Amino acid sequence: MAISAAAGLHSTSSLTFSSRHEERHARILAAGSRISSSSIAGRGGVHASLSAGLTPILLGASREDDLASKFRPRTRIIEARSAASGDASAAAPGDGVEEQESGSAMMRTLQLGSLFGLWYLFNIYFNIYNKQVLKVFPFPITITEIQFAIGSAAVLFMWTTGLYKRPSLTTAQVVAILPLALVHTMGNLFTNMSLGKVAVSFTHTIKAMEPFFSVLLSAMFLGEAPSAWIIASLLPIVGGVALASLTEASFNWAGFLSAMASNVTFQSRNVLSKKLMVKKEGSLDNINLFSVITILSFFLLAPVTLFFEGVKFTPEYLTSMGLDVKVVMLRALVAGLCFHSYQQVSYMILQRVSPVTHSVGNCVKRVIVIVTSVIFFRTPVSTINALGTALALAGVFAYSRAKRIKPAKKSA
């Protein structure tokens with residue numbers, strides 16, 4: 001309201017000023033004509049007449065200019081305010097888009113951090129509960145089959161309830177996935193065999209040798225020549241594992257060789273996945289691929305379990321061993337759920353980050369698992385043993401960094 005009134009006053013004043021200026025010019029012209037036609041002799045009279053005629057006109061003009069100048073600043077302030085409000089309204093949509101983008105980026109970061117936290121947490125609980133079960137129930141094939149059974153049940157539950165879309169598989173895809181399921185089965189079986197024989201920390205120290213076997217098998221079957229940086233990063237890995245093995249209190253050859261066999265089979269899975277190139281068509285993404293592998297592993301290991309160990313995980317047999325049935329079964333159930341969960345979360349992370357970033361996260365996970373298992377089980381660790389473990393893990397981290405370095409292109 002005040003702005004409209006000021007604007008109206010300004011327009012009215014402008015019209016009044018223009019009419020007064022016209023009237024003033026007319027009076028000046030009339031005064032000039034009267035002076036030129038008069039018969040006054042002498043310049044003094046002429047100057048007196050001119051000054052007498054022009055003085056009131058000029059004085060009036062100066063008053064009008066002063067009055068106009070009083071209105072001009074207000075007009076400029078109003079125009080400046082309106083321009084500022086227009087700029088603010090124009091900038092508002094851009095600011096809103098930037099705020100939305102920053103908010104979505106923050107949400108993605110929080111989700112990724114939560115997934116890494118769950119990955120580490122499920123790993124810790126799996127290794128603790130799994131080791132507790134294997135210490136009192138030394139049947140690793142049966143325990144591995146139970147874990148695949150729990151994982152298969154979780155997959156079927158997700159597909160049935162619609163929590164995750166069930167994939168449509170072709171015969172060619174199943175044939176291509178079958179070798180991956182076979183080495184996946186063997187890798188997890190060998191890991192459980194090692195965990196049943198030696199300390200959790202020592203098993204994971206040996207499993208730090210995975211990059212060594214990855215480079216070796218990739219060179220043998222894929223023809224991938226490692227760079228000098230990658231070869232250099234393998235030296236502390238091999239040296240650290242050797243140093244830790246020589247000073248490990250729980251060392252035995254069965255646990256050591258089982259962990260090494262686990263490294264070979266898991267890295268064979270990576271080589272086979274590149275060699276066979278399973279086509280991930282439609283809904284067959286990484287998570288569904290892992291789900292299918294879990295179900296196939298359950299069926300592949302079932303006859304092996306029955307042949308070598310029979311049906312042992314029953315209340316009657318556990319009671320005959322002098323075990324608390326509820327405690328052992330509950331721990332086996334938790335271990336199985338964590339076993340499937342940490343692997344599925346690992347695939348979910350792999351869908352969001354690069355393989356190198358995932359490798360660094362896996363190195364951090366191994367450190368956390370080793371430290372927590374040493375604290376929980378009160379595993380005796382000597383200074384040289386700790387040094388060897390730290391050296392091996394540092395080599396794994398250096399290996400993940402070396403994979404970022406791209407080899408220079410050869411000039412023609």
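The values are calculated or read from the model by the stated rules, or taken from the named source; none is laboratory data. Because the structure is predicted, anything quoted here is derived from the model rather than measured. Here Cβ is always computed from backbone atoms with ideal geometry, including for glycine, and neighbour counts include all displayed protein chains. Only protein heavy atoms, including side chains, enter the accessible area calculation; ligands, DNA and RNA are left aside. Shrake-Rupley method; radii C 1.70, N 1.55, O 1.52, S 1.80 Å.
The table for this structure:
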read-out	value
Counted residues, region 298-349 - those being touching a residue at least 40 places away in the same chain (Cβ under 8 Å) and not in a loop (DSSP other than H, G, I, E, B)	28
Any hit, region 190-213, residues being under 27 Å from Leu387 (Cα atoms), basic (Lys, Arg) and within 29 Å of the chain's Cα centre (by Cα)	yes
Condition met for Phe299 (among the hydrophobic types (A, V, I, L, M, F, W, C), closer than 27 Å to Ala172 by Cα and exposed (fewer than 13 other Cβ atoms within 10 Å of the Cβ))	yes
Residues that are of a type in the set (D, E, K, R) and within 25 Å of Lys131 (Cα to Cα), drawn from region 204-262	Lys207, Glu210, Glu248
Contacts under 8 angstrom Cβ, first residue in region 157-171 being within 20 Å of Ser341 (Cβ to Cβ) and open to solvent by 80 Å² or more (accessible area, probe 1.4 Å), partner in a loop (DSSP other than H, G, I, E, B) and not aliphatic (A, V, I, L, M), 6 or more apart	Lys165/Ser283; Arg166/Ser283
Only listed residue being touching an Asp or Glu at 6+ places or on another chain (Cβ under 9 Å), within 30 Å of Ala199 (Cα to Cα) and either modelled with pLDDT of 95 or more or among the polar types (S, T, N, Q) (or both), chosen from Phe139, Phe148, Phe126	Phe139
Some residue of region 180-188 being more than 29 Å from Ala402 (Cβ to Cβ), open to solvent by 40 Å² or more (accessible area, probe 1.4 Å), assigned to a helix (DSSP H, G or I) and touching a helix residue (DSSP H, G or I) at 6+ places or on another chain (Cβ under 9 Å)	yes
All positions within region 217-227 that are surrounded by 15 or more Cβ atoms within 10 Å (Cβ to Cβ) and of a type in the set (A, V, I, L, M, F, W, C)	Leu217
Sole exception among (1) open to solvent by less than 30 Å² (accessible area, probe 1.4 Å); (2) in a helix (DSSP H, G or I) for Ser273, by number	(1)
Residue check, Tyr125 hydroxyl-bearing (Ser, Thr, Tyr), in contact with a Cys (Cβ under 6 Å, 6 or more places away or on another chain), within 30 Å of Ser354 (Cα to Cα) and in a helix (DSSP H, G or I)	yes
Only one of Arg352, Arg404 that is in contact (Cβ under 8 Å) with a residue 60 or more places away in the chain, of a type in the set (Lys, Arg) and either open to solvent by less than 20 Å² (accessible area, probe 1.4 Å) or more than 29 Å from Thr247 (Cα to Cα) (or both)	Arg352
All positions within region 228-244 that are surrounded by 15 or more Cβ atoms within 10 Å (Cβ to Cβ) and either out of contact with any Ser or Thr (no Cβ under 8 Å at 6 or more places or on another chain) or farther than 24 Å from Val360 by Cα (or both)	Trp229, Ile230, Ser233, Leu234, Pro236, Ile237, Val238, Leu243
Of all residues making up region 181-218, the number that are aliphatic (A, V, I, L, M) and more than 17 Å from Arg269 (Cβ to Cβ)	7
